[in-house]
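Structure first, commentary second.
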């Protein structure tokens, strides 16, 4: 089988969300199926670490597809040319975008969420128009669609009923951290902190988290800090304004983007992960924290409740007082923290990148009819 793969999000030193999903799935499929050939389509310079075996041919399709006009050019012009040139049997796209060209004979699409329908105001106008026009077409065109949670599958079928017969749920996995070197974080003179993880933008609900943290500090009067780990993304003015107005601003530390080892060490050293996003297709930090034995506070909605599976404290992300109360409970009740650690670690065993890769490869074979 010859598989053309959209690897736009395998960006050196910047694996987040879709990029991490692409990395974990593709390295396993490439490794486990040397009889198949994979054509990795990058839109910029790539790392040799992302060419996972001798059965991978990396190609750069220019220009970088990071704007709606260039999305169209890349998927409707460059991908069909590459599909034909490399005599591919299947196009696999893990980022929700597809090619509508008839040249692309078979396609397997991964949809992580439909956030553009639920929070359109949090997306740039030009991208919002692209999503509204093309996503229904991509969904109709795909031979099969993978969703990363039952929540996303239900959302997809609700908005696009004709997709019901061609969707499968393949959960994300969780990494094996046994090879990581765990070291103490001595970057700040602090002993206890909560951590929030992910790119900073409105959908991550950072404004309400900051308000909740201020309430938590006023309620408990302790030395606990909050670390926000992730790059500044978009529409951060309200977040920055809220931070400036906080009574306990000095107890909030923005680390910016950090590499995997630093992120894992920060997570492991925390009192708990506070992941109170407004909407997620899965929520990888939830299961990664659980695997590391870190208690989790997360939202009682979308896929986060599904992924947590009863092994986390659930809060209303729109009510900062509920987030503050959960932080207080977790920081003051050692028995609760230990209970969540045990439940979370057990829950994390339900997720496996090896299993996910096997299931996606099975769908590749099924779609390609090979």
Do we find a residue being surrounded by fewer than 16 Cβ atoms within 10 Å (Cβ to Cβ), in a strand (DSSP E or B) and under 25 Å from the mean Cα position of the chain (by Cα) anywhere in region 195-209?
no
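Could you count how many residues in region 1-16 are surrounded by fewer than 18 Cβ atoms within 10 Å (Cβ to Cβ) and in contact (Cβ under 8 Å) with a residue 40 or more places away in the chain?
Initially, region 1-16 is screened for residues surrounded by fewer than 18 Cβ atoms within 10 Å (Cβ to Cβ), giving 1-2, 12-14, 16.
Of the ones still in play, those that are also in contact (Cβ under 8 Å) with a residue 40 or more places away in the chain are 1-2, 13-14, 16.
Count: 5.
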Please enumerate the residues belonging to region 274-305 that are farther than 15 Å from residue 175 by Cβ, surrounded by fewer than 24 Cβ atoms within 10 Å (Cβ to Cβ) and over 15 Å from the mean Cα position of the chain (by Cα).
300, 301, 305
Please find, among 335, 354, 325, the residue that is closer than 18 Å to residue 213 by Cβ and not in a strand (DSSP E or B).
325
In region 21-35, what count of residues is obtained for those that are surrounded by fewer than 19 Cβ atoms within 10 Å (Cβ to Cβ) and touching a helix residue (DSSP H, G or I) at 6+ places or on another chain (Cβ under 8 Å)?
2
Across region 210-249, the tally of residues that are in contact with a strand residue (DSSP E or B) (Cβ under 9 Å, 6 or more places away or on another chain) and without any contact (Cβ under 8 Å) to a residue 12 or more places away in the chain stands at 1
Conditions (1) part of a helix (DSSP H, G or I); (2) touching a strand residue (DSSP E or B) at 6+ places or on another chain (Cβ under 7 Å): number failed by residue 287
(2)
So residue 277 ticks every box in (1) closer than 30 Å to residue 88 by Cβ; (2) in a loop (DSSP other than H, G, I, E, B) but one. Which box is left unticked?
(1)
Among the residues of region 290-309, how many are in a loop (DSSP other than H, G, I, E, B) and either on the phi > 0 side of the Ramachandran plot or in the same structural domain as residue 19 (by TED's automatic domain parsing) (or both)?
2
Quick check on my filter: what residues within region 83-100 are farther than 14 Å from residue 139 by Cα and surrounded by fewer than 23 Cβ atoms within 10 Å (Cβ to Cβ)?
84, 85, 86, 87, 89
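Can you find a residue in region 356-365 that is farther than 30 Å from residue 92 by Cα and exposed (fewer than 15 other Cβ atoms within 10 Å of the Cβ)? Steps first, answer last, please.
Restricting attention to region 356-365, the residues satisfying the condition of being farther than 30 Å from residue 92 by Cα are none.
No; the residues of region 356-365 include none that is farther than 30 Å from residue 92 by Cα and exposed (fewer than 15 other Cβ atoms within 10 Å of the Cβ).
Somewhere in region 136-152, is a residue surrounded by 15 or more Cβ atoms within 10 Å (Cβ to Cβ), over 22 Å from residue 295 (Cα atoms) and modelled with pLDDT under 95?
no
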Name the residue, out of 3, 25, that is at pLDDT 95 or above and either in contact with a strand residue (DSSP E or B) (Cβ under 7 Å, 6 or more places away or on another chain) or part of a strand (DSSP E or B) (or both).
3
I need a count of the residues in region 220-241 that are touching a helix residue (DSSP H, G or I) at 6+ places or on another chain (Cβ under 6 Å), more than 17 Å from residue 199 (Cβ to Cβ) and part of a helix (DSSP H, G or I).
1
So which residues in region 200-209 are in contact with a strand residue (DSSP E or B) (Cβ under 9 Å, 6 or more places away or on another chain) and more than 15 Å from residue 326 (Cβ to Cβ), if there are any at all?
200, 201, 204, 206
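The values are calculated or read from the model by the stated rules, or taken from the named source; none is laboratory data. Just so it is clear, the structure is predicted and the values come from calculations on it, not from any experiment. All Cβ positions, even for glycine, are placed from backbone atoms using ideal geometry, and neighbour counts span all protein chains on display.
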